[in-house]
Every structure is written in C-alpha cells, then in structure tokens.
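Since the structure comes first, as structure tokens, the remarks are kept for the end.
Just so you know, all these numbers are worked out from the coordinates, no wet-lab data involved. It should be emphasised that the depicted structure is a prediction, and the values quoted were computed from it without experimental measurement. As a convention, Cβ positions derive from the backbone with ideal geometry for all residues, glycine included, and neighbour counts pool all protein chains shown.
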Amino acid sequence: MQTPIAKALARPTNKIMDIGIQEILLISVIALIVLGPERLPSAVRSLAIWIGKIKRSFNDIKSDIEKEFNADEIRQQIHNENILHQLGEPIEQLQQTAKELDSTLNDIDDSANNLVNDIQQPLKTQQD
C-alpha cells in the first residue's frame, strides 16, 4: 500500500508542459547541486522573469492575431454593406423608373380611352 505522498507524486495530474512533479523535483535537486544555495534563488528569479516575458510575448502575439482577424471581419462586413448599398441604389432607380413607366402607361391608356370615346360619339350620333 502506498502512502498519500507517494500517490500524489506518482499521479501525473499536476503537469506543466507534460512535466510531472517528479521531474520538477529532479531538476530542482540538480539545479541546487550545480548552482549552489547562494546562486539558486537569483537563477530561479531570472528564470521566472524570462518565462514571464515569454508568456507576455505569446499573449501579445495572440491578441494581435485575434485583433487582426476581428479587423478583417469588420472590413469584410463594411465591404459587404457598401456593396449592398451600391446595389440598393440601382434597385431604387429601377423602382422609380417602373413607377414612371406605370404612370406613362396609365396616361396612354387614358388618352386611348378618350380617343376611342371621341371617335365613338360622332359615330353614335350618326347612327341615331
């Protein structure tokens, strides 16, 4: 039967970049032996600073890429709206032309009806 500490050390649940606790402890012991107790805190501090800088750089790059994708989407939407607006103007012109044509046809129809009535009245009077 394993002790709770051995179980915790054997579990791979606490992994950082696929490095388990056992590997971290091994690296820590080797660093302590190589650097010594005097230089180890400053080395760990320097390492933490560099890791922080790298993380910030990756986050900045990631946010820049996301902003660029969003900017591209916004540009595409504006372009699509401009095209729809440009297409909307000819449609409005066509609708206006259709109204004018309808009005002209109504005028022609009225004129034709008046002409037919003018022709029919003298014929009716002659037949009577």
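Taking first residues from segment 45-69 that are over 27 Å from Ala31 (Cα atoms) and partners that are among the aliphatic types (A, V, I, L, M), no Cβ contact under 9 Å between residues at least 6 apart in sequence or on separate chains turns up.
State yes or no: is His85 exposed (fewer than 10 other Cβ atoms within 10 Å of the Cβ), part of a helix (DSSP H, G or I) and under 25 Å from the mean Cα position of the chain (by Cα)?
On the way: exposed (fewer than 10 other Cβ atoms within 10 Å of the Cβ): yes; part of a helix (DSSP H, G or I): yes; under 25 Å from the mean Cα position of the chain (by Cα): yes.
So His85 fits the description; yes.
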